[in-house]
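Here is the structure we will look at, set down as structure tokens.
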Amino acid sequence: MGISGRFSGWRVLKEGLTGNKGWTPHWRDPEPKREYDVVIVGGGGHGLATAYYLAREHGLRNIAVLEKGYLGGGNVGRNTTIVRANYYLPGNSEFYSHSLRLWEGLEQDLNYNAMMSQRGILNVFHNDGQRDATIRRANAIINQGDDAEILYRDQLRQMVPFLNYDNNRFPIMGALLQRRAGTARHDAVAWGYARGADQFGVDLIQNCEVTGIDVAGGRVVGVQTARGPIKAKKVALAAAGRSGQVAALAGLTLPIESHVLQAFVTEGLKPVIDHVITFAEGHLYISQSDKGGLVFGSYLDFYSSYAARGNLAMQEHTMEAIAAMVPAVTKARLLRSWGGIMDMTPDGSPIIDHTPIAGLYLNAGWCYGGFKATPASGHCFAHLIATDRPHAAATGFKLDRFRTGRGLMDEEGTGAQHNLH
Amino acid sequence: MRISGKGLISGGRRVNFSFNGVSYMGQEGDTLASALLANGVHLVGRSFKYHRPRGILTAGSEEPNALVSVGKGAAQDPNIRATQQEVFEGLVARSQNCWPSVGHDVMALNDLAAPFLGAGFYYKTFMWPAPLWEKLYEPVIRRAAGLGALSGSANTEPYEKAFAFCDLLVIGSGPAGLMAALTAGRAGADVILAEDDSRMGGRLLAEMEEIDDKPAHVWVAEVLAELAGLDNVRLMTRTAVTGAFDQGTYSALERVSHHLPPSQSLKTAHRPRECFWRIAARATVLAAGAIERPVAFRNNDRPGIMTAGAVRAYLNRWGVAPGERITLFANNDDAHRTARDLVAAGVHIAAVIDSRHDAPDGRDFSVIKGAVVCNTSGRKRLETITLRNVSGEEKIQTDCLAMSGGWNPSVHLTCHMNARPVWNRDIAAFVPRAGAVPGMVVAGAANGSLSTHAALAEGAGAAVAALGQLGITAEAPALPRACDAPYRISPLWAVPGKGRAWLDFQNDVTVKDVAQAAQENFRSVEHMKRYTTQGMATDQGKNSNVAALAVLADATGRSIAETGVTTFRPPFVPTTIAAMGAGAAGQGFKPQRYLTSHRTSLKRGAANTEVGLWYRASYFAKEGETTWRQSCDREVMMVRNAVGVCDVSTLGKIDIKGPDAAKLLDLIYTNLFSTLKIGRVRYGLMLREDGFVMDDGTTARLGQDHYVMTTTTAAAGQVMAHLEYLSQVARPDLDVRFTSVTDQWAQFAVAGPKARALIDALVAEEINGETYPFMACGAITVGGVAGRLFRISFSGEHAYEIAVPARYGEALFDLLVTRAEAEGGGAYGMEALNVLRIEKGFITHAEINGTVTAFDLGMQGMISKKKSCWGKVLSERDGLMDEDRMRLVGLKPKGAAQELSAGAHLFEPDMTVERVNDLGYVTSVGFSPTLGHMIGLAMLSAGPDRLGDTVRLVDHTRGVDTLCEVVDPVFFDPEGGRVRG
Amino acid sequence: MRIACPLCGARDRREFTYRGAALPVPALDAGAEAWSVHVHLRENPAGPLEELWQHELGCGAWLKVRRDTVTHAMLGVVLAEDAGLAARDGEGPA
């Protein structure tokens, strides 16, 4: 079971009775070896999950995850924790469906409580056009084999009576409910995968920035790092937020812009919102953490940025959306706001693919769908790395789809070009 | 206990308030905290996890313990800091997160289970069996968690937002802030002085000090009097600057009426509850002072244990002694002032304990040096402390412990733009990094300069420097005489020993928790924070972060500087959603755009629907019509058989002028517009640069160099920006200009077999097939008003669109509808318009949904081969020309149900309904009264190759599963005879 | 965030609309590869970036802004029509 041992309620009792002195590190801090079979660049949720599934599903052991800062310090550590499988375009549908199924067994699999809470997500629509688009989506979800229900105003009102039904600039017409969707404790997902990977012998190496990617004869041979050169048979990039910079080390230019997406949390409050609720008008999404804080966000800040901090204008927009849609919670006080760096692709969907360089694999472009994708992203990326073939659930995430125009996945219909999402 | 004659609010008016149902008396100028202490109330709240009894720790907005709920019913306001809430007549406050009462809280059982509830325990359990998480564990955890409760009702109180601009924003009104404001004010700069407290003066209100040989508060009053007399200085109390953003933008929250009885504030005095400010400051002086930090020792969280500076503040400002036998425990000289002031006020000192062996002696009190407090007792109020020094341990009876671990400069705003503060060993604290926020100069205690003299000097100097950046010359005033005692400190973070020593009071994070996190390899400061929740409470670690990371540094064998800090992020003080979202409640979320026909339409029975920001009539209910379908069917038949009038003014209208107007239109549209004759209109398609359809619409040529373009309602703004992009960026050589005239013209469709006669009778000009053939346009006069007439149709009928300046819109609409009614016609709305266009296979944004190409819409013929156009190159990518792409078709029901459903998916009749067999989806449906059955448009894989085929239509959500026939999207009058006739 | 519009002066960010990297516009006949690169691929630097903004709720001018994507410092603003982004053949992409 690795150095941390198995976790259970009995263990918590036992350690509690002995002064909690028996707890040991959740993962090791090894020195990097000189060579690995696979080097994963990026110790976020996706990189850690990739390492875990490479080891568990494909039997690889000689793996390193290289992380510039601390494990889980990227977007897995700064998001609004939503898990759902309510996409409607082929390519996305089966992938997020796969991801939700992995989420459902994740905690027992990892022996780590990530507080996956299938509390249901409600996507509120306001007018006929949005209703029909939502119904198209609901049908696509059901056709994929996942759950979706359409609730109209009165049914919705019974379920979530505190929304603004009576005096709303954009009246609430109904919602798409996916009961199996919900939230998870974001940090714990990263830690759970880290601990799981470590137990298989994966080396998790923090404070180890990759400064170069070594290519010889069109094939990747290793990386340069802040802690010296490391040889590798395969190198897998999972550095969303910084994908462009990391890929540039191999001379690649990606179809990605980096943008800021803010997230917000209020002071703790007694339970008031039991679901995840999103609104078509204002792009608001809101839920309440188990600790009691309201967690929410809306649009991107809409400019390229690596600053990991947000803009006042978008903060105000987000609060205005709450005032408009959920006026029963506006006495809650915003406690903290933060910004994550999003890899934005032209069509708003991700990339899990080979690169033109042999042995170099790319996992990038998660836009703002990265957290819910974590298990499937790791699972499918590991499959690609190990077998050199795309996993059946991730055949659509091609790097060259923009060039060919084939298989574009523009869920929002805003365009397969930058800055429209 | 109030000390008669002591403090700055002495002699104030008496006010009655209640706390936990008990009535108390306070004084005007009291905070709830000072008033409770004056009444001997120490037990105010309960902690988050262990539900430990808690009192008042501080005297400021950083208070982690004394959070209360204020007000009743819908006005209930949770998580209010008692240290900030001013008392007023009738104030009702109560403790929260406790049941049944703060004195007897059932959840305090958690405290007994503490060994099992350590850092991150929940990550290790509650996993079996899996379904119990949602059914049992999580609901229990959620109910136990949280602090105060919302009322559950919509917040209907008024809030406001405002912008402000200044040369210099001064944040904080202590000695540094006041000097900065005075310096800048005298120099004539526009100054905003923002102070979180209800009263300006900062620590000078809390200290027994002299400035220029006057009591400090007198000096404060004199400076404020001068500032108040300067027109260029704006004084803002109760205003916390909450965030520093790019280019000198700051956010601030003004608590406008929290201190007023509800009867005096909102409804009578028209005061909002709060105002959220956006301040654009050319330069800033941050003089936010410092926050005193506790020391971690066993049971350091009991009611009656406070920071030493808070004890001084309660004594000197509010005239309240928070105990009768007070003990001081400190590691720095500054804290000795507390003992000095208490002695001077005649309060009994039980002991003065200093951890330093070389601590200075007191003049009026003796100091126990080289000693620490290692434990306390007293469940709901401190009773004893245990002193430990070389000679052993000793219990001391005391009812209040004033503790000081030193002061942390309030560097928070300097970190909002990602700068990291710098460790300063001399004061054992983090100080701002130089240049952390462009345009900001930090002064006084916030800068780590912890004497009044230094604060005064730095405040003036900071203003001179900040204004210097702006080219404004300011002169520092003569420096007032003030205390310049050195700040001597020897770090003491946590007293070693058994038991739990609190770091984060609210979240119940103890020294043990941090050590356990390190033991489990959560060694990064970010990991430690996230694993233990240290610093994640409502004070965001203002009281505890530095000590916690010092403990982590110790546990991991690193220095504090190496260990690093977590990031302070906005807002500096928690800010209501209501204030930041002010104006958006109810109908205020977005502007409301009304048509000129709005009022008269309502009179005619219109049911309105919102379309983007606009409101449009869905249908016009006539007497006897009980469903929208009845009205819609009638309106459709009216247009097909007589004449209908519809307000189409929401369509974007863009006036295009210039010698190169034609060239620009040829660039933006897929088809040619340079060949369009004057007096003619053409339908056009435009592409995004990725080759997908952006929008469609008609453009009329009114003159050689003058066109008017119409866009769809939804894309009006996008098209306007696109035109400007093309002309300014891609083709600046073209001489062409654009003006949006959407709101300037009211435009009405007049459609149907009787449309020509109606228009002809109405306008001065003769209107017939000769003068106005299909797709003609020109100037007309209607009722003496110059207007425009376009013979275009979105219904397939002989139709016109007539436009007049918006101020005549209402009158013209009325006239048109009246005349139409006389001919058996009338007004029609969006529902009928939609059916009419589906019957003709005309597309809207239901079809142009951003993911379709001209090829998909069967409009590839509209992409001119004679020229190129924007987006054409990428529209020709291989993948976008696949025959089996989903392409536009019509659908007719075939099954018994005779039903179609928008949003349904399409399948081969013999295939299973699952994603892999999905052939497409239905975009639009309607009942065609003309044809007597439902009709629909759909995007179907290889659609045009399947005409005549049968497909299965499935909408799980509406329970529709039926067969339908794939047909050409033009259902009605495919030859177009009616529109031309 | 505030942007100094050369025509209007410094204005709040919410008056402006963002487009992205200020790239030379290919000629319309530049071919699929050139257009695909133009529309999709981005250097996406962490540091100074030349980008296009429109003062949409102000004067309507498109601006070429030089801005640091790490610090958000504004390093220069010019009118886009003076920025020489049009296709190099001088006739533009018509």
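The values are calculated or read from the model by the stated rules, or taken from the named source; none is laboratory data. From a predicted model like this one, the values you see are computed outputs, not experimental measurements. Glycine also receives a Cβ, built like all others from the backbone with ideal geometry; neighbour counts cover every protein chain displayed. For accessibility, only protein heavy atoms count, side chains too; no ligands or nucleic acids. Shrake-Rupley method; radii C 1.70, N 1.55, O 1.52, S 1.80 Å.
If one takes the longest principal axis of the Cα atoms in chain B, at what angle in degrees, from 0 to 90 and to the nearest 10, does the Cα axis of helix B:452-469 lie? Around 30 degrees separate the two axes.
Per-peptide packing, taken as the mean over residues of other Cβ atoms within 10 Å, places A:349-355, B:287-293 in the sequence B:287-293, A:349-355 from highest down.
Restricting region B:19-110 to trypsin sites (Lys or Arg not before Pro) that sit in a DSSP loop and have at most 12 other Cβ atoms within 10 Å of their own Cβ leaves B:K72. The amide H of B:G841, built 1.01 Å from its N in the peptide plane, has B:F971 as neighbours under 5 Å, considering only residues 5 or more places off or on other chains.
For the residues of A:263-274, the average number of beta carbons from a partner chain within 10 Å of their own beta carbon is 6.
Highest mean first, the peptides B:779-785, B:932-938, B:921-927 sorted by other C-beta atoms within 10 Å per residue fall in the order B:921-927, B:932-938, B:779-785. For the protein assembly as shown, the Kirkwood hydrodynamic radius comes to 34.8 Å, computed from all pairs of different C-alpha atoms.
When only alpha carbons of region B:125-255 are considered, Rg and Dmax amount to 23.0, 73 Å. Each residue of region A:396-409 was assigned a 3J(HN,Hα) from its phi angle through the Karplus expression (A = 6.51, B = -1.76, C = 1.60, θ = phi - 60°), giving x, 8, 7, 6, 9, 5, 6, 5, 8, x, 9, x, 5, 10 Hz with x at Gly and Pro. Principal axis analysis of the Cα atoms in region B:14-121 yields extents of 48, 27, 25 Å, listed in decreasing size.
To the nearest Å, what is the center-to-center distance of region B:1-59 and region B:725-769, using C-alpha atoms only? Their Cα centres are 71 Å away from one another.
For region B:582-630, the square roots of the Cα gyration tensor eigenvalues, ordered a ≥ b ≥ c, give a/c of at least 1.5 with a/b greater than b/c, which places it in the prolate category.
The convex hull of the Cα atoms of chain A, projected and averaged over all directions, covers 20.3 nm². Taking every DSSP beta bridge that has both ends in the protein assembly as shown, the antiparallel portion is near 75%. Binning the C-alpha pair distances of region A:1-153 at 5 Å intervals from 0 yields a P(r) profile of 2, 7, 11, 15, 16, 14, 12, 9, 6, 5, 3, 1, 0 %, listed from the shortest bin outward. When B:C400, C:C8 are compared by accessible surface with a 1.4 Å probe, the order from highest to lowest is C:C8, B:C400.
Converting the Cα gyration tensor eigenvalues of region C:2-83 into ellipsoid dimensions via √(5λ) gives semi-axes, longest first, of 24, 16, 10 Å.
Per-residue mean of foreign Cβ neighbours for B:124-134 is 6 (Cβ atoms of other chains, 10 Å radius). Separation of region A:88-149 from region C:11-40 is 34 Å, based on Cα centroids.
Here is the list for region B:577-654: GluC sites (Glu not before Pro) lying in DSSP coil, each with at most 16 other C-beta atoms within 10 angstrom of its C-beta, are B:E623, B:E625.
All other residues whose Cβ lies under 13 angstrom from that of C:R2 are scored, Lys and Arg at +1 and Asp and Glu at -1, for a net of +3. A 1.4 Å probe run over the protein chains yields, for region B:496-563, 27 Å² of accessible area per residue, whole-number rounding. Between 0 and 90 degrees, the angle of helix B:830-839 with respect to the longest Cα principal axis of chain B falls at about 50 degrees. Just so you know, the Rg over Rh for region B:294-405 is 0.93, from Cα atoms, with Rh as the Kirkwood radius. Translational diffusion coefficient of region B:628-704 (Stokes-Einstein, Kirkwood radius from Cα pairs, 4 °C, 1.567 mPa s): 86 µm²/s. Protein heavy-atom surface of region B:294-405, 1.4 angstrom probe: 43% of the accessible area is carbon and sulfur, with nucleic acids and ligands not counted. According to the Kirkwood relation over distinct C-alpha pairs, the hydrodynamic radius of region B:882-981 is 13.6 Å.
Rounded to the nearest 10 degrees, the angle from helix B:628-641 to the longest Cα principal axis of chain B is 40 degrees. Overall form of region B:406-463: oblate. Here a/c, set by the Cα gyration tensor axes a ≥ b ≥ c, is 1.5 or more, and a/b is not larger than b/c. Across peptide B:606-612, the mean count of Cβ atoms from other chains lying within 10 Å of each residue's own Cβ comes to 2. Here chain B carries DSSP beta bridges of which approximately 75% are antiparallel, counting only pairs with both residues inside. Averaging the Cα positions of each part gives two centres, and for region A:21-42 and region C:62-79 these lie 42 Å apart. Loop-located chymotrypsin sites (Phe, Trp or Tyr not before Pro) across region B:500-567 with a Cβ neighbour count of 14 or fewer within 10 Å are lacking, with loop assigned by DSSP. Using a probe of 1.4 Å, the accessible surface attributed to B:D361 totals some 120 Å² when neighbouring protein chains are kept in position. Listed by chain and number, the lysines whose C-alpha is less than 17 Å from the C-alpha of A:K233, apart from same-chain residues fewer than 8 away, are A:K33. Summing both sides, the accessible surface hidden between B and A at a 1.4 Å probe radius is close to 9900 Å². Kirkwood radius, chain B, all distinct C-alpha pairs, inverse of mean reciprocal distance: 33.7 Å.
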